[in-house]
Amino acid sequence: AMDVSIKEEGKGILNGSIQPNDHMEIYALTFKDSETIKVISVEEKLYIGNDVLNPARYQDEGENKYAVFVINNLYNYIDSPEFRVEINSRLVSNAIFKLGNDAEIANPAAELKKYLDQTKYIEVNDQELRSKAQLEFTSSSSFETVREVVEWVNNNITYDFANYYNGIWSAKQTYNSRAGVCDEFANLTAAFTRIKGLPTRYVSGISFDGTRFGNHGWNEVYLKNSGWIGV
């Protein structure tokens, strides 16, 4: 679990033709309680000119919650068109999953079998990949097989942002080149775990490296007694 304080800031500027009595709404993504996150406190403010505005209302859209600011009489801010939104919050988050007991790899339920199939980027029918998987990953344990595959991929594939960021290469291409970024690592990992009989799906989202946010791709493997586990 984590107990964290977060400060977010966004800046903008009024631009274009502005008439008296014009107004504008600004939507700022804020926080709300979820299954794994408890909002202890959150405060949203908009600063423009000499004024400090509170949200006029809140609006939910799907899983997202927005603080909606209304700037009235935009004409008053022609000489100071810059604005800033600041959100200060304290959140407590809990672990999303907990591992159950390990189990031997077994024939999965019917609804999971599609996650063993070959796809455009995950060539589970390739004979070289199949031979490598059977020779390299010999455990019948679900946990141990995931560990063996992930260790092998991370030890044998070079992370090459400069040459592989602007494209997607398949599991077999990655196996041959021994290089890639998150897409390629995930594709090759998925090929090996699927070949070994563990249902695996590719997922994508946003990651934070301590400095910046960026697009990211990884795997989820279905384990008996645990469900879908991020890998």
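Quick check for you: which residues of segment 1-43 have the amide N under 12 Å from the point 7 Å beyond the Cα of GLU82 toward its beta carbon?
Only 11-14 fall inside the zone, counting backbone N under 12 Å.
Counting C-alpha atoms alone, how compact is the chain: give Rg to one decimal and Dmax as a whole number, in angstrom.
Reported Rg and Dmax, both Å: 24.2, 75.
Got a number for carbon plus sulfur as a percent of segment 98-231's accessible area, 1.4 Å probe?
Roughly 47 percent, rounded to a whole number.
For segment 94-172, evaluate the Debye formula with one uniform point scatterer on each Cα (no solvent term) and list log10 I(q)/I(0) at q = 0.14, 0.19 Å⁻¹, rounded to two decimals.
Here the Debye-derived log intensity ratios amount to -0.68, -1.15.
Cα centroid distance between segment 146-216 and segment 7-49, in Å?
When both Cα centres are located, 36 Å separates them.
At 1.4 Å probe radius, can you tell me the per residue accessible area of segment 1-123 in Å²?
On a per-residue basis, segment 1-123 sits at 69 Å².
I want the local charge near GLY180. Using Cβ-Cβ distances under 15 Å, sum +1 for each Lys or Arg and -1 for each Asp or Glu among the other residues.
Residues near GLY180 contribute -2 overall.
Considering only DSSP beta bridges where both residues belong to the chain, give the percentage that are antiparallel (nearest 5). Don't skip to the answer; put the middle values down first.
Numbers: 52 of 54 bridges.
Of those bridges, close to 95 percent are antiparallel.
If you average 1/r across every pair of different Cα atoms in segment 2-48 and take the reciprocal, what Kirkwood value do you get, in Å?
Roughly 14.1 Å, rounded to one decimal.
What is the sum of charges, Lys and Arg at +1 and Asp and Glu at -1, for the other residues whose Cβ falls under 13 Å from the Cβ of THR200?
+3
Is the shape of segment 176-220 best called rounded, prolate or oblate, per the rule: a/c under 1.5 gives rounded, else a/b larger than b/c gives prolate, else oblate, with a ≥ b ≥ c the square roots of the Cα gyration tensor eigenvalues?
oblate
In whole Å, what three semi-axes, largest first, describe the equivalent ellipsoid of segment 108-231 built from its Cα gyration tensor (square root of 5 times each eigenvalue)?
The equivalent ellipsoid of segment 108-231 has semi-axes of 22, 17, 13 Å.
Summing -39500 (n - 2.57) over the DSSP H runs of n ≥ 4 in the chain and dividing by its residue number, what mean residue ellipticity at 222 nm do you reach, to the nearest 500 deg cm²/dmol?
Values: 5 runs with 50 residues, N = 231.
Calculated mean residue ellipticity at 222 nm is -6500 deg cm²/dmol.
Using a 1.4 Å probe and counting only protein heavy atoms, arrange PHE208, PHE143, PHE83 so the residue with the most accessible area comes first.
Correct descending sequence by accessible area is PHE208, PHE143, PHE83.
Output the relative contact order of the chain, whole-number percent, from Cα pairs under 8 angstrom with separation of 6+ residues.
18 percent
Go through GLU35, GLU148 and list them by solvent-accessible area, largest first, probe radius 1.4 Å.
Details: GLU35 180, GLU148 35 Å².
Largest to smallest exposure gives the sequence GLU35, GLU148.
Once you've got the Cα coordinates, tell me which of LYS113/LYS172; LYS38/LYS224; LYS113/LYS224; LYS32/LYS98 are over 18 Å apart.
Cα-Cα > 18 Å for LYS113/LYS172; LYS38/LYS224; LYS32/LYS98; rest within.
What's the Cα-based Rg to Rh of segment 28-127, Rh via Kirkwood?
My calculation of the ratio gives 1.28.
Quick check: residue separation of ARG57 and LYS38 times 0.36 nm, minus the Cα distance between them. What number comes out in nm?
Gain on extension, ARG57 to LYS38, equals 4.8 nm.
Tally Lys/Arg at +1 and Asp/Glu at -1 over every other residue whose Cβ is under 13 Å from the Cβ of LYS7; what's the total? If you can, show how the numbers build up before the last one.
On the way: positive: LYS45, ARG84, ARG90; negative: GLU8, GLU9, GLU43, GLU44, GLU86.
Around LYS7, the surrounding residues sum to -2.
Top mean-square fluctuation among SER17, SER93, SER34, Gaussian network model of the chain, C-alpha springs under 10 Å?
Sorting by GNM fluctuation, first place goes to SER17.
The values are calculated or read from the model by the stated rules, or taken from the named source; none is laboratory data. Model, not experiment: these values are computed from the prediction. Glycine also receives a Cβ, built like all others from the backbone with ideal geometry; neighbour counts cover every protein chain displayed. Heavy atoms of the whole protein, side chains included, go into the accessibility calculation; ligands, DNA and RNA do not. Shrake-Rupley method; radii C 1.70, N 1.55, O 1.52, S 1.80 Å.
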